[in-house]
Amino acid sequence: MRTGLLIFTIFQLLPAILRADEPARAANRTLPRPTTYWHPYAIRDEIRPDFDSKVDASGNDTLIITGGGNASADGRWLKRVAVTEGKYVLFTAHYRAKRVETPTRSIIASILWFDDNGNQVEQAEFPMTVRAPAPRDLKSVTGTYKVPAKVKEAELQLRLRWAPEGEVEWSDIDLKETRPPAPRKVKVASINHRPRNTNPPQANLDQFSKLIDDAGAKKADIICLPEGITVCGTGLTYAQVAQPIPGPATEFLGQCAARNKSYLVAGLYERDGKTLYNTSVLLSRDGKLLGKYRKVCLPREEIDGGITPGHDYPVFDTDFGRIGMMICWDISYPEVARELSARGAEMIFMPIWGGNETLAKARAIENQIYLVASGYDFRTAIYDKSGDAISKSPDSTNIIYADIDLNQRLLWPWLGDWRSRIFLEGPARPETN
């Protein structure tokens, strides 16, 4: 105890020393408390990166970590702050990075919770990087959390790891009390309907239009339709039903969306010059085409039918959250959902013909997203982040619904907020921003 008090006293009197060097500590990383100034730490000296810091004219810290040429370098700046159990706190920080190949995996902010005896309690939190504010090289990391019971202190950690030539500058670091986050509710509808013996394709659109109106009458925020809605039941080929996007089909569906003030997702076959794609479109509440996704994973039947695969993974901002789209055979491979999740998709909408429900559940669980499926041979369903079908259709034509709060957190036993850990602890993947 005397040693702890002595170190505490040194921390209070010599903050400059704290910024320059790391205090001695036991192998189990028992920290003196409270450490009210930023100080550097590495679990082993042989993987210790280089630390530096500077203070601007307003007294704000910029904390710097560089890899120092060591591929195993792993270090962090630490600081303890007092918090009040049961209150909500907002963490914010900015960083600039240079020569860091995988920022999502190598640049990490975290919050650890400690009780009055200095014992860590509950799972650590990992605030997530959001889209960069201006200037573009400045990234923002943020998260809102409820302080767990019995917690008296929060330890802030700002980290760089596994970037031998990399450098990160952390700035504008803050943890302050805030209001509880308001619910972010969305009413999702998914249509379970299979056209039969229809021709021309407009007959299919007319059938789906009536179902869209039914879902709109229930105030659905977004409505999902199946795959290839202009080919199913018509007996026509992909080439015979394919249209440009935008085109007549998206114009018709846009009118349906605008009439019901709902977002609309639908699967169509697209013609772009000589090329055909299996495409999913997103229409806005006012009927505008917000974007499209071209199916990346094609079964041999579509390939032999003259379809070309897409290669992009777009995500779209709506007034309730960020969404992505995938189509049918994409469910058989983890990469599509993972890429959409990595780009911030909170919900994935999947027009589908037929497929494996277990894989749909897996995609929802492994990415911690909601997955909305509208199918023919595949049972129309809405899956939550636990992989449970919170709404599922019977065999007959109908519409299913789910009321979802996108701000409701799922905390797993032993894991905490799994979504915030996926890209920190999974395999390295190429990053485009």
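At a glance:
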item	result
Å² of accessible area per residue within the stretch 162-297, as computed with a 1.4 Å probe and no ligands counted	43
Heavy-atom accessible surface of the chain: percent carbon and sulfur, 1.4 Å	50
Lys, Arg +1 and Asp, Glu -1 on Cβ, resulting dipole of the chain about Cα centre, debye, nearest 20	560
Rounded to whole Å, sorted largest first: equivalent-ellipsoid semi-axes of the stretch 183-257, Cα gyration tensor	25, 13, 10
Reachable lysines from Lys185, criterion Cα separation under 19 angstrom, eight or more residues apart if same chain	Lys218, Lys219, Lys261, Lys385
The chain - mean residue ellipticity at 222 nm from DSSP helices (-39,500 (n - 2.57) per run, n ≥ 4, rounded to 500)	-5500 deg cm²/dmol
Matching label, log10 I(q)/I(0) by the Debye sum over Cα atoms at q = 0.06, 0.08, 0.14 Å⁻¹ computed from the structure shown, candidates [x] -0.33, -0.54, -1.18; [y] -0.29, -0.54, -1.68; [z] -0.24, -0.42, -1.25	[x]
Positive-end residue of Ala182, Asn192, Trp113, charge dipole of the chain with Cβ unit charges	Ala182
Counting all C-alpha pairs of the stretch 113-216, share separated by more than 23 Å (%)	60
Straight-distance crosslink candidates among lysines, where the alpha carbon sits under 29 Å from Lys98 and sequence neighbours closer than 8 are dropped	Lys54, Lys79, Lys139, Lys176
Nearby aspartates and glutamates by direct alpha-carbon distance to Lys87 (threshold 14 angstrom, same-chain neighbours under 8 apart not counted)	Glu153, Glu177
Charge dipole (debye, nearest 20) of the stretch 117-219; +1 at Cβ of Lys and Arg, -1 at Cβ of Asp and Glu	780
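The values are calculated or read from the model by the stated rules, or taken from the named source; none is laboratory data. None of the values given here were measured: they were computed from a predicted structure. Ideal geometry is used to build each Cβ from the backbone, glycine not excepted, and the neighbour counts take in all protein chains shown. The area values use the complete protein model at the heavy-atom level, side chains included, leaving out ligands, DNA and RNA. Shrake-Rupley method; radii C 1.70, N 1.55, O 1.52, S 1.80 Å.
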